[in-house]
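See below for the structure under consideration.
The values are calculated or read from the model by the stated rules, or taken from the named source; none is laboratory data. The structure presented is a predicted model; accordingly, all values stated were derived computationally and were not measured. Cβ coordinates were reconstructed from backbone atoms using ideal geometry, including for glycine residues, and neighbour counts include every protein chain displayed.
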Amino acid sequence: MRRWVRYFSDRGQRVTLLVPEGKVVIPGLPPEVSLERFLPFSRQRERLFGALESRRSLTGLLRRLEPDVLHAHFVTENAWHAWISGFHPYVVTVWGSDVLAAGRRSRRGRLYARLALRAADIVTGGSEHLVRAAVAAGARPERTRYIHLGVDTERFSPGPDPVKLRASLGLAGYRVLLSNRLIAPLYRQSVVVEALTHLPSDIVAVMTAYRAQPDEMASIRALADRLGVADRLRIVDELQESEMPDLYRLADVVVSIPATDGGPATIAEALAVGRSVVATDLPSVREWLGELDSAALVPVDDVAATVAAVQTVLGRGRGECDERAARGRAAVVERADWRANMERMESIYRELAASRRGAS
């Protein structure tokens, strides 16, 4: 989200981030981006009056700001608020669990999602699978667009071994298995730790503490200790955004094995840097690895399959690795380049703004 708003503010557009009252915003937004609070819909208040109060708050805010386009990221909560506001044109971007887990929501939650998606002027998703899921949840097919959240392919590119970072993490002489998804139950980091026990002792797993769930991180550390691989697990406490490409360059293989995924940026970033990926065999992941490296796709929660896929990837010769790396990066540049996708998004915004002006 921060990269998204930064792109448009850098382009000279007036960008305002609308945030529900009470929600914490981490400091560091671009100074050109303003932040406004609104009263969110709450089921704790009587339902009818809660919706009316939220609508009144949003309409007053939008009347004062006079935006050309309203964009709701994430169906749950945000798209519903866009629908409540009555403002048009509005865009909805689906991110993953907000539509992939639709069947597990309450009947009321599914209805809210359908109303919000059905009325949206445009719905975007970061994978073809997400776009199909959005249609199944209520979006109009003719109003959907595939827009990947994007990878900065200039920053995330092949490069030299980051010797200083490697030394600071105590990785000299080791092969690196990078698993930089969140440390949370959804992302199955425990499977990575269990896989370590079946992999050669010169392989170290690297994870990051960024937004980690404290209970799950404690569980991961305890599991590594119990299995005797604590000395082969590195959890990076702090890492600057500028260091992220070097984190991928450390890796001999990147592992991404969540139970569900909508349009994994991790996989696109790893491929952009030229790294091999072992990932859960999910529809959105198969869009990237189905033709490129189907042997690297594994079932959810399958330790043995994960171990076998990692060993297969690490056992390849240099020529095969280089050829796959070139194909993977080319796919990212073609389909997920951040600037190209944001330019497409800006074109959509301009078309919607023009239609609004024409209608008025």
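Just a few scattered comments:
- Residue satisfying condition, being touching a helix residue (DSSP H, G or I) at 6+ places or on another chain (Cβ under 9 Å), at pLDDT 95 or above and surrounded by 14 or more Cβ atoms within 10 Å (Cβ to Cβ), within set Leu314, Leu292, Leu297: Leu297
- Lone qualifier among Ala259, Ala272, Ala305 - being surrounded by 24 or more Cβ atoms within 10 Å (Cβ to Cβ) and assigned by TED's automatic domain parsing to the domain that holds Thr208: Ala272
- When Phe8 is tested against (1) free of Cβ contacts under 8 Å to residues at least 40 places away in the same chain; (2) closer than 21 Å to Ala354 by Cβ, exactly one condition is not met: (1).
- The set of residues in region 115-158 that are surrounded by fewer than 22 Cβ atoms within 10 Å (Cβ to Cβ), among the small types (Gly, Ala, Ser) and at pLDDT 95 or above comprises Ala119, Ser157.
- Residue among Arg118, Arg145, Arg110 that alone is of a type outside the set (A, V, I, L, M, F, W, C) and touching a Gly at 6+ places or on another chain (Cβ under 6 Å): Arg118
- Qualifying residue in region 207-215 (condition: surrounded by 18 or more Cβ atoms within 10 Å (Cβ to Cβ) and either assigned to a helix (DSSP H, G or I) or not small (Gly, Ala, Ser) (or both)): yes
- Selected residue (only one of Leu52, Leu62, Leu48 is part of a helix (DSSP H, G or I) and either crowded, with 18+ Cβ neighbours inside 10 Å or at pLDDT 95 or above (or both)): Leu62
- Gln240 meets all of the listed conditions (1) within 15 Å of the chain's Cα centre (by Cα); (2) at pLDDT below 95; (3) closer than 19 Å to Pro158 by Cα but one, namely (1).
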